[in-house]
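The values are calculated or read from the model by the stated rules, or taken from the named source; none is laboratory data. Fair warning: this is a prediction, and the values are worked out from it, not measured in the lab. With ideal geometry, Cβ positions are generated from the backbone for all residues, glycine too; neighbour counts draw on all protein chains shown. Just so you know, the surface numbers come from the protein's heavy atoms only, side chains and all, with ligands and any DNA or RNA stripped out. Shrake-Rupley method; radii C 1.70, N 1.55, O 1.52, S 1.80 Å.
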Amino acid sequence: MSALHHIAAVFHKQVKDSFKNRLILVVFFMFPVLAMVFKEIVSKEELDFMLPSFMTMNTVMIPIIFMSSIIAEEKEKKTLRMLIMSNVRSWEYLLGVGICVFLQALLSTCVFLAIIPNSMDEAIDFIVVSTIGIICSLLIGAILAIIAKNQMSVGPVTAPVSMLIGLLPMFSAMNDKLEHAAKAFYSYYVRESFVSHSLEIDESSWAVIGLNFAVLLFLFIILYKYKGLGNE
Amino acid sequence: MEELRTRAANEHIGMVSVMGKEPSKYDSDVYASFGMVLDNDGLYDRLSCYDNLDLYARIYSIRNRQNKIYELLEEVELSEESKKSVSALSKGMRQRLSFARAILHSPKIVFLDEPTSGLDPATTLKIHSLMRRLKEEGTTFFLTTHNMAEAQQMCGHIALLHEGRIVEDGTPEAICLRHRPECKVSIEMDDGNCYETDAGNLADLLQKIKKPQNDILRIHSNEPNLESVFIKITGRRLE
């Protein structure tokens, strides 16, 4: 019962803080706004290429940036230490923040549903694909946050990692060699699903997504077990 | 000491026990009986004073939390700032908010780490008067401070730490008595003359120097305070 109280308290705090956090607000609106602008200024063929890329970046990059920066900031400002000393366990904190970031990322991604006309089936597929992408990215964000000592040190790591995973699928569409590399990451299949407007990807693609998730989960568990949340 | 208590530090010699339980056996009831004001206040800068307290009121599942929070903000004289972001508060206000958070759930023990360090005298007085009131109501304070005058004024029992070891402990009066040198009394007259004697001979001296044309300006005793005791024991000044 107290665990639920703690998770709900952290979640509530995170929702309130998000409305006052400029980084979160800017990133939250960045890709949907860019998509809306591009919809007005580029041709349909160009938009068909760019929209899935924006959607992929939005789905994949937001959770990494939000999760890592929120936790790193709490470590630096010692607010996390105070929570832990008030009997909030690390996993309760992670879940409270994680649920909030998950909903924020999903909400931001769902803005795209208003931009592209979709059938109900396509919309459901879109949400399922987004959910898979967001969960994998949340794990990456949490891993980076555990490794980072403070907010200053998380930026130089988060930026290249989120850009690599978020932008690689788009560049892979222009270069065959890059496509081979991109196929190793879940973000490639997220983009493929957005391009095809469906979940109809082959079994080997699902296997790669599953493997990505398993590796990330394993890394997270190992790091969490040995480091906790770091400077708590 | 506080890190040991809260399980933040694991390497130590000896035993740590609060309310009869070792840190590894603390449950949520034990944690709920702690309040803390640490060196770094751990307040959320972007959130308002109210929201900062609201987070902990939710963590501790406090009933009627809205009323309780407003009562406390009133008590620490921050009710007008309740909707203000913490980043807009002065250091003294932050410290008062931090103190309000520590006592929000009516803890039995409050750990304070340098609670008045760098604060103006008015804020220090406010915090001290709150501490006194809570002490009277039965709250135990565990105060860590370099300010020996504050320790002497606020504490019922003191332990002096030097290089990680307790070098002296007891009530402030008992500690000072133990380290009292041969007690001397000096008397300064308004004509500039100064007399010194053992405390036992004070009455004789007063009789001797009694002159109708001169008044006593000051009487000093060389009773030690905690600071002089600390310097005597450790051989070094307080930092």
For this session: Residues being small (Gly, Ala, Ser) and in a loop (DSSP other than H, G, I, E, B): count how many of those fall in segment A:140-183.
Result: 2
Exercise. Name the residues in segment B:93-128 that are open to solvent by 50 Å² or more (accessible area, probe 1.4 Å) and polar (S, T, N, Q), would you?
Worked result: B:Ser106, B:Ser117
Problem set entry | Test set (1) open to solvent by less than 30 Å² (accessible area, probe 1.4 Å); (2) in the same structural domain as B:Thr124 (by TED's automatic domain parsing) - B:Met189 fails condition number | (2)
Problem set entry | Any pair with Cβ under 8 angstrom, 6 or more apart, that starts in segment A:108-130 at a residue that is over 20 Å from A:Phe66 (Cβ atoms) and polar (S, T, N, Q) and ends at one that is modelled with pLDDT under 80 and part of a loop (DSSP other than H, G, I, E, B) | A:Asn118/A:His197
For this session: Determine if segment B:58-65 includes at least one residue that is of a type outside the set (S, T, N, Q) and away from chain A (no Cβ under 14 Å).
Result: no
Exercise. Restricting attention to segment A:62-83, does a residue exist that is surrounded by fewer than 20 Cβ atoms within 10 Å (Cβ to Cβ) and more than 14 Å from every other protein chain (Cβ to nearest Cβ)?
Worked result: no
Problem set entry | Residue list for segment A:1-24, restricted to those being open to solvent by 60 Å² or more (accessible area, probe 1.4 Å) and either facing chain B (nearest Cβ under 9 Å) or farther than 30 Å from B:Asp27 by Cβ (or both) | A:Met1, A:His5, A:Lys16, A:Phe19, A:Lys20, A:Arg22, A:Leu23
Exercise. Of the residues that make up segment B:83-97, is at least one farther than 30 Å from B:Gly20 by Cβ, of a type in the set (A, V, I, L, M, F, W, C) and in contact with a Phe, Trp or Tyr (Cβ under 7 Å, 6 or more places away or on another chain)?
Worked result: yes
Problem set entry | From B:Leu119, B:Leu134, residue being touching a Gly at 6+ places or on another chain (Cβ under 7 Å) and of a type in the set (A, V, I, L, M) | B:Leu119
Problem set entry | Options A:Ser153, A:Ser172, A:Ser198: the member that is within 30 Å of A:Met82 (Cα to Cα) and out of contact with any Pro (no Cβ under 8 Å at 6 or more places or on another chain) | A:Ser153
For this session: Within segment B:11-23, track down each residue that is touching a residue at least 12 places away in the same chain (Cβ under 8 Å) and either in contact with a Gly (Cβ under 7 Å, 6 or more places away or on another chain) or open to solvent by 60 Å² or more (accessible area, probe 1.4 Å) (or both).
Result: B:Met19
Problem set entry | Residue that is most open to solvent (accessible area, probe 1.4 Å) [pool: residues in segment B:29-40 that are more than 8 Å from chain A (Cβ to nearest Cβ) and in a loop (DSSP other than H, G, I, E, B)] | B:Asp39
Exercise. Any chance segment B:202-210 includes a residue that's of a type in the set (A, V, I, L, M) and assigned to a strand (DSSP E or B)?
Worked result: no
Exercise. Which ones in segment B:164-197 are β-branched (Val, Ile, Thr) and part of a strand (DSSP E or B)?
Worked result: B:Ile166, B:Val167, B:Val185, B:Ile187, B:Thr197
Problem set entry | In segment A:85-101, the residues that are surrounded by 20 or more Cβ atoms within 10 Å (Cβ to Cβ) and either among the hydroxyl-bearing types (Ser, Thr, Tyr) or in contact with a Ser or Thr (Cβ under 8 Å, 6 or more places away or on another chain) (or both) | A:Met85, A:Ser86, A:Asn87, A:Tyr93, A:Cys100
For this session: Could you identify the single residue in B:Tyr56, B:Tyr26, B:Tyr44, B:Tyr70 that is open to solvent by less than 40 Å² (accessible area, probe 1.4 Å) and free of Cβ contacts under 8 Å to residues at least 24 places away in the same chain?
Result: B:Tyr26
Exercise. Being open to solvent by 50 Å² or more (accessible area, probe 1.4 Å), under 14 Å from B:Pro224 (Cα atoms) and touching an Asp or Glu at 6+ places or on another chain (Cβ under 8 Å), is that true of even one residue in segment B:133-146?
Worked result: no
